[in-house]
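What follows is a short report on a single structure.
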Number of protein chains: 2
Amino acid sequence: MQIDVSTRQLRAFLALADGRNFTRAAAQTHLSQPAFSALIRALEEQLGLRLFDRTTRSVELTVEGRLFEESARRVLHEAQEAVADMQAHAARRRGRVSLALLPSLAAGWLPPLLAGFRARHPDIHLDVADVLSEDCVERVRSGRADFALASTRADTPELRTELFCSDGFHLVCRRNHPLAKLRLPRIADVAAHPIVQLSRESSVRHQVEAAAHPRQLNTVMELDQLSSVAGMLRAGFGVSLVPELALFHFDHPELVTRPMQGPKLRRQIFVVRRRDRSLSVAAQALYEELMAHPPGALSR
Amino acid sequence: MQIDVSTRQLRAFLALADGRNFTRAAAQTHLSQPAFSALIRALEEQLGLRLFDRTTRSVELTVEGRLFEESARRVLHEAQEAVADMQAHAARRRGRVSLALLPSLAAGWLPPLLAGFRARHPDIHLDVADVLSEDCVERVRSGRADFALASTRADTPELRTELFCSDGFHLVCRRNHPLAKLRLPRIADVAAHPIVQLSRESSVRHQVEAAAHPRQLNTVMELDQLSSVAGMLRAGFGVSLVPELALFHFDHPELVTRPMQGPKLRRQIFVVRRRDRSLSVAAQALYEELMAHPPGALSR
DNA sequence: CGATCTTACGGGATTCGTAAACATA
DNA sequence: TATGTTTACGAATCCCGTAAGATCG
């Protein structure tokens with residue numbers, strides 16, 4: 001025989017166990033005294049035994065009542081903890097977000113936004129993976145990330161992609177480089193010059209190669225980190241093509257940047273998330289925050 | 001803001017979390033499907049967040065739902081344990097009884113009764129103190145015993161006494177003792193003979209002395225245990241006066257017993273229990289059992 | 001006799017089930 | 001279109017509060 005117990009009953013029981021007075025316990029429970037009495041009686045009937053020895057003058061726990069008191073306190077406490085925890089999640093006072101995004105976003109645009117989010121939600125745990133686009137998508141697919149900002153689409157039965165923003169590629173070179181004279185260089189202008197590139201896994205590399213196609217670029221070096229590329233350029237290793245959001249790596253007096261001409265030299269950044277699952281409250285909060293503040297000064 | 005949760009809600013939630021299907025979970029919960037749906041919705045509203053991502057085709061726990069699932073299982077389990085434990089106590093399948101009673105009762109009359117009780121209620125823990133009357137009463141007063149069978153009254157604001165049974169004193173002596181010839185000896189007959197007595201703490205001793213008053217008895221030895229008294233009598237140390245319920249100690253071919261004459265030579269045995277507290281279910285069960293089977297062959 | 005718990009009872013909120021509407025694969 | 005969830009609504013149930021009754025110190 002399975003029996004229903006509610007936290008209200010437990011609270012009422014414990015109020016009476018503590019105060020040992022129906023009238024006061026009823027007031028504390030926001031009930032009329034007869035209603036409170038009925039509630040205790042119902043609980044006793046459910047359990048099949050008396051919890052209180054009562055006369056008009058005294059109310060005392062029975063032996064069994066004392067046993068039940070221990071359990072009741074524990075159960076009520078845990079139930080209230082569970083509810084409070086859920087409410088904390090609902091109020092964005094607790095939770096966890098796992099975000100995967102491109103290193104170029106993670107270094108430049110994200111930090112101030114994330115600082116604001118953290119200030120508003122100090123107890124939401126943040127888990128940021130600054131990895132390449134493929135890895136971003138894979139993390140969402142596997143559930144390790146709630147959503148991702150990546151530069152590759154991923155529309156599968158489980159994943160959903162939407163455009164977040166786009167940024168144009170810029171030429172970067174030393175101030176005294178011949179190409180520095182051009183206001184809006186085109187890919188054809190660049191093709192002949194020695195070029196420092198990112199590794200073949202990089203989506204930036206893919207897009208640069210695709211934009212140059214069928215021309216072959218004169219790649220003199222491949223690196224993994226844009227900050228390393230900047231160092232090479234300063235040392236005179238050639239030029240590079242870099243998306244606008246990553247230009248801060250090249251903010252140096254010896255270097256200049258020039259926006260590239262041509263529609264292919266524009267990178268799109270997507271939000272990738274699971275199609276079937278909703279975001280957690282915390283993830284949804286960050287998601288909305290990020291979507292409301294795309295890289296502002298930049299064109300869509 | 002304090003929120004009410006019931007085990008019914010938790011059961012419903014877990015049924016849906018397990019089955020991931022409203023219709024089946026509703027049936028399992030003995031509810032119509034719309035009623036079940038409303039129940040889940042109410043729970044979600046109380047917590048302030050969605051617990052399930054649902055379409056008509058799939059029902060899945062949200063991130064928060066999975067968190068809640070853990071707590072819900074724990075809370076429900078503990079609540080059910082607590083209720084089941086109370087029901088077990090109510091059904092006399094669990095519990096504890098602490099009984100204090102005179103050694104003479106504990107050795108002779110009690111064991112078979114207690115064996116029957118134990119057979120019927122194997123999981124009720126029995127705690128028997130076979131101690132002298134004063135100690136019996138003290139144990140009830142202090143709460144170490146639920147009730148006692150003692151030979152002294154104890155009517156105080158906290159204790160209540162009622163008659164349980166009575167037994168007459170018998171003379172015990174060697175078969176060849178002069179007193180063995182009397183059918184119904186009186187205290188006057190005994191007074192002159194050497195007598196082996198129990199210690200001054202014993203209520204039997206008190207009563208014997210009181211019955212003899214103002215005569216002085218010719219006490220040759222004081223012992224604590226009746227079985228030792230029996231040994232002394234067999235060895236010819238004299239006679240003794242023993243309540244009927246303790247006569248089994250003297251069941252020996254060399255010894256004879258004779259019922260004493262006179263109203264003072266009758267011992268009363270009382271049930272002593274607390275006035276304010278009810279007995280636990282287990283104690284009440286034993287109490288009723290004992291009260292229904294007073295030492296049968298003996299007069300009241 | 002006064003304080004306190006219990007019983008009695010009418011009114012109101014809650015919750016149920018049936019039926020229809022709605023949504024998704 | 002078929003399966004399965006939500007909405008709509010009348011009805012039964014449960015629970016509350018007021019008032020009267022009972023009980024103990």
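Of the helices (runs of 4 or more DSSP H) contained entirely in the range A:94-170, those carrying at least 2 residues that are modelled with pLDDT of 95 or more fall at A:110-120, A:133-142.
Close Cβ contacts (under 8 Å, 6 or more residues apart or on different chains) running from residues in the range A:268-285 that are within 16 Å of DNA strand D (Cβ to nearest atom) to residues that are basic (Lys, Arg) and at pLDDT 95 or above are absent.
Among the residues of the range B:179-197, those that are part of a helix (DSSP H, G or I) and closer than 16 Å to B:Ala210 by Cα comprise B:Ile187, B:Ala188, B:Asp189, B:Val190, B:Ala191.
Taking the stated definitions as given, is A:Arg273 within 16 Å of DNA strand C (Cβ to nearest atom), part of a loop (DSSP other than H, G, I, E, B) and either under 32 Å from the mean Cα position of the chain (by Cα) or within 14 Å of chain B (Cβ to nearest Cβ) (or both)? Lay out the reasoning, then the answer.
Values: within 16 Å of DNA strand C (Cβ to nearest atom): yes; part of a loop (DSSP other than H, G, I, E, B): no; either under 32 Å from the mean Cα position of the chain (by Cα) or within 14 Å of chain B (Cβ to nearest Cβ) (or both): yes.
Here the answer is no, as A:Arg273 does not meet what is asked.
Checking the structure you have, find out if any residue of the range B:238-245 is more than 16 Å from DNA strand D (Cβ to nearest atom) and part of a loop (DSSP other than H, G, I, E, B). So far as the range B:238-245 goes, yes, one or more of its residues are more than 16 Å from DNA strand D (Cβ to nearest atom) and part of a loop (DSSP other than H, G, I, E, B). When B:Arg74, B:Arg96 are checked against the criterion of being more than 10 Å from DNA strand D (Cβ to nearest atom), within 30 Å of B:Phe270 (Cα to Cα), surrounded by fewer than 17 Cβ atoms within 10 Å (Cβ to Cβ) and at the interface with another protein chain (Cβ under 10 Å from one of its Cβ atoms), a single residue qualifies: B:Arg96.
Within the bounds of the range A:60-70, is there any residue that is more than 9 Å from chain B (Cβ to nearest Cβ) and free of Cβ contacts under 8 Å to residues at least 40 places away in the same chain?
Step one: of the range A:60-70, the residues more than 9 Å from chain B (Cβ to nearest Cβ) are A:61, A:65-66, A:69.
Now restrict to residues that are free of Cβ contacts under 8 Å to residues at least 40 places away in the same chain: A:66.
For the range A:60-70, residues more than 9 Å from chain B (Cβ to nearest Cβ) and free of Cβ contacts under 8 Å to residues at least 40 places away in the same chain: present.
The set of residues from the range B:28-43 being free of Cβ contacts under 8 Å to residues at least 12 places away in the same chain and within 45 Å of the chain's Cα centre (by Cα) comprises just one member, B:His30. In the condition set (1) over 25 Å from A:His89 (Cα atoms); (2) within 8 Å of DNA strand D (Cβ to nearest atom), B:His30 is compliant with all but (2). Just one of the listed residues (B:Gln9, B:Gln46) is in contact (Cβ under 8 Å) with a residue 12 or more places away in the chain, at the interface with chain A (Cβ under 8 Å from one of its Cβ atoms) and within 11 Å of DNA strand C (Cβ to nearest atom), and it is B:Gln46.
Which of the following residues is at pLDDT 95 or above and either surrounded by 14 or more Cβ atoms within 10 Å (Cβ to Cβ) or touching a Cys at 6+ places or on another chain (Cβ under 6 Å) (or both): B:Ile195, B:Ile187? I'd like the intermediate steps shown before the answer.
Details: B:Ile187 fails: at pLDDT 95 or above.
Criteria check complete, one pass: B:Ile195.
Conditions tested, residue by residue: (1) among the acidic types (Asp, Glu); (2) more than 11 Å from DNA strand C (Cβ to nearest atom); (3) away from every other protein chain (no Cβ under 14 Å).
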position: B:Arg20; (1), (2), (3): no, yes, no
position: B:Ser32; (1), (2), (3): no, no, yes
position: B:Ala38; (1), (2), (3): no, no, yes
position: B:Ala42; (1), (2), (3): no, no, no
position: B:Asp53; (1), (2), (3): yes, no, no
position: B:Ser58; (1), (2), (3): no, no, no
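Under 6 Å between Cβ atoms, at least 6 apart or on separate chains: pull out the pairs that start in the range A:104-132 with a residue that is more than 24 Å from A:Ser199 (Cβ to Cβ) and end on any residue that is assigned to a strand (DSSP E or B). As it stands, the answer is A:Ile124/A:Gly95; A:His125/A:Arg96; A:Leu126/A:Val97; A:Asp127/A:Ser98, since those pairs meet every condition given. Scanning the range A:198-213 for residues that are free of Cβ contacts under 8 Å to residues at least 24 places away in the same chain and either buried (at least 17 other Cβ atoms within 10 Å of the Cβ) or in a loop (DSSP other than H, G, I, E, B) (or both) turns up A:Arg200, A:Arg205, A:His213.
Taken together, the residues in the range A:9-58 that are under 15 Å from B:Ala79 (Cβ atoms) and touching a strand residue (DSSP E or B) at 6+ places or on another chain (Cβ under 8 Å) amount to 0.
Residue-level check: of (1) under 25 Å from B:Ser280 (Cβ atoms); (2) under 46 Å from the mean Cα position of the chain (by Cα), A:His77 misses just (1). Against the list (1) in a helix (DSSP H, G or I); (2) within 14 Å of another protein chain (Cβ to nearest Cβ); (3) charged (D, E, K, R), the condition B:Arg24 fails is (2).
The values are calculated or read from the model by the stated rules, or taken from the named source; none is laboratory data. The model shown is predicted, which means the values in this text are computed figures rather than measured ones. Positions of Cβ are generated from backbone atoms using ideal geometry, with glycine treated the same way; all protein chains shown enter the neighbour counts.
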